[in-house]
Amino acid sequence: MNLSKDSKKHAGFFIKRFLSFYSVNTLLTILSKYKNFKLSQLIFNFKNLKSSIALALFPTIYQLLKLIIPNHVPVKYKNNRLVTHFVAGGMASICLYLDPNQSRISSLYTMIIVRTLHFFIRALVFKPNTVKSINQNDTENKLILRPFQSNKVKYIQNVVSKWGDWIVWLYVAYQICYMVVLQPNYLSKSYVKSLNVVMNQRSKYGDDFLDIIDGLQALILYLVNQEPSNPLNWIPAHKSSKQHLTDLMEKSDVTDLVKKLRSLLEIFPDNVHHERLVCACSHPKHSSCVLGAADQGLMVFKQMLKPYLFLNSVSLIFKLLKKLYKHRMNKSEEEKTTNHTELTNKQMVVKWLTDSLRSVTMISSFCAVGAYSICALRHTFGRELMVTYGLSGCLATPTILLDKPGRLLELNNYGMGKIIESWCLILHDKVGLQYSRPLEVSVMIPVFGVLATLLEDFSYTPTGFVTPILYSYYGINKL
């Protein structure tokens with residue numbers, strides 16, 4: 001090994017990564033402060049400088065350690081790629097400790113944990129298929145189940161390979177839907193805030209939507225421990241929902257419970273009657289649970305259409321520019337004509353529109369079905385039950401089929417990341433576990449090592465759109 005020979009190559013690799021990360025950080029700074037943006041915020045922004053250095057050091061150090069470690073380990077491990085990649089990945093991850101942006105690094109760590117766990121399970125269940133076939137064109141078809149002697153293990157293996165993604169999603173949907181309504185303090189504040197934006201709660205409840213959501217949560221938690229016949233659970237047939245809530249405000253024994261719902265008096269139509277008080281608070285403008293759920297889905301559709309069209313437009317522009325660059329660089333007309341799989345510009349635009357509409361329709365349908373499921377289960381059981389809110393997410397699961405293939409995998413990875421964050425908050429609240437950067441780094445060292453090993457030595461396990469990003473971030477096949 002000649003380190004001096006590779007020093008220029010690694011220095012250039014670091015500089016390219018640093019400039020890329022610094023450009024992204026600068027762009028994010030401009031976008032986040034575009035209203036009160038000052039040039040001095042870029043020139044003297046040492047936080048972005050440190051963050052970019054930390055992010056660029058990781059893949060550079062990782063590549064250097066891959067060259068150094070084989071010469072500094074016992075002879076029996078000298079040619080062991082697993083040991084080299086595990087140690088290099090773990091040691092290089094310490095560089096991320098230098099990043100001052102704690103929230104971003106914590107989010108990165110959560111994403112890495114979820115992806116590593118997913119890839120590791122795939123490595124346990126599958127192995128590459130060494131028998132070549134002309135019909136095996138995609139990655140999934142090139143994998144076969146690992147042979148095991150135990151029938152129980154084989155059964156679990158088959159279940160995981162066929163239904164694993166759906167089983168994980170049912171758990172994710174149950175947990176998130178449950179905690180969003182009943183335990184939002186165990187979810188990150190930014191995530192709860194984003195969900196309120198997606199659900200368009202401000203449009204639904206007005207400027208006091210946070211008070212109304214808190215009041216509704218308190219009412220649900222109170223009724224869970226009451227008998228179904230509790231008068232607070234029902235609205236008399238001769239009263240409108242608005243009149244009933246007005247009367248409750250005047251009762252001293254329940255005033256504290258419903259005082260945060262006072263703003264609903266301005267939303268209720270005069271003659272609308274709901275059967276139950278919780279239904280009235282959930283869809284105040286419609287006495288019908290079906291119409292209330294449909295209205296909720298329509299609000300989500302309107303709220304999410306513009307963001308999805310914008311984000312997919314950026315992706316479309318990038319793909320068109322990439323295609324234009326590829327055609328200009330490709331001087332061989334023969335190669336151009338033989339590429340029949342490349343989409344035309346019109347097909348790319350149509351795909352952009354259909355993908356956007358499918359994604360927005362899926363999200364709005366999930367919210368609508370989930371909202372109606374809560375009401376339906378409430379009427380079925382005849383009372384408020386905490387399990388109702390988790391089951392609503394499970395019942396809304398089939399709407400995922402409306403989206404493009406592969407979306408379930410990404411939803412699982414994103415949702416599991418949020419659940420891991422909630423576990424940390426629960427441990428902090430129940431056990432008193434205190435967060436610290438050294439503790440976080442010590443936990444992540446083996447995780448980064450395992451992920452490096454999976455990417456390098458079990459390359460058939462990574463899947464999803466984030467896979468090329470991970471390979472690029474680690475610098476694998478880039479030097």
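In table form, for the structure just shown:
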read-out: Convex hull of segment 232-274 built on C-alpha atoms - directionally averaged projected area, nm²; value: 2.9 nm²
read-out: Accessible surface, per residue, of the chain when the full set of protein chains is kept, probe 1.4 Å, Å²; value: 58 Å²
read-out: Inter-part distance where segment 215-239 and segment 439-475 are each reduced to a Cα centre, Å; value: 50 Å
read-out: Within the accessible area of segment 180-267 (1.4 Å probe), percent carbon and sulfur; value: 52 percent
read-out: On Cα atoms only, tilt of 407-430 relative to the major axis of the chain in degrees; value: 70 degrees
read-out: For segment 345-388 and segment 49-91, distance of Cα centres in Å; value: 45 Å
read-out: Rg to Rh quotient for the chain, alpha carbon positions, Kirkwood Rh; value: 1.02
read-out: Cα-based helix-to-principal-axis angle, 209-224 vs the chain, degrees rounded to 10; value: 70 degrees
read-out: Cα-based Kirkwood hydrodynamic radius, segment 352-479, one decimal, Å; value: 18.4 Å
read-out: Cα-based helix-to-principal-axis angle, 151-182 vs the chain, degrees rounded to 10; value: 50 degrees
read-out: The chain - percent relative contact order, Cα under 8 Å, separation 6 or more; value: 24 percent
read-out: P(r), alpha carbons of segment 392-455 - 5 Å bins starting at zero, rounded %; value: 4, 13, 12, 19, 17, 12, 13, 9, 1
read-out: Interchain or long-range residues, amide H under 5 Å from residue 199's placed H; value: none
read-out: Summed residue charge, Cβ within 13 Å of residue 283's Cβ, Lys/Arg positive, Asp/Glu negative; value: +2
read-out: Extent along principal axes [Cα atoms of segment 244-299; Å; largest to smallest]; value: 37, 19, 18
read-out: Cys with no candidate disulfide partner in the chain (beta-carbon separation under 4.7 Å rule); value: 95, 177, 279, 281, 367, 394, 424
read-out: Contact order relative to length of segment 52-106, as percent, for alpha carbon pairs under 8 angstrom and 6 or more apart; value: 51 percent
read-out: Loop-resident sites, segment 345-450, for chymotrypsin sites (Phe, Trp or Tyr not before Pro), counting at most 16 other Cβ within 10 Å (DSSP); value: 435
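The values are calculated or read from the model by the stated rules, or taken from the named source; none is laboratory data. None of these values were measured; they are calculated from a predicted model. Every residue, glycine among them, receives a Cβ derived from its backbone with ideal geometry; neighbour counts consider all protein chains shown. Surface accessibility is based on the protein's heavy atoms, side chains included, excluding ligands, DNA and RNA. Shrake-Rupley method; radii C 1.70, N 1.55, O 1.52, S 1.80 Å.
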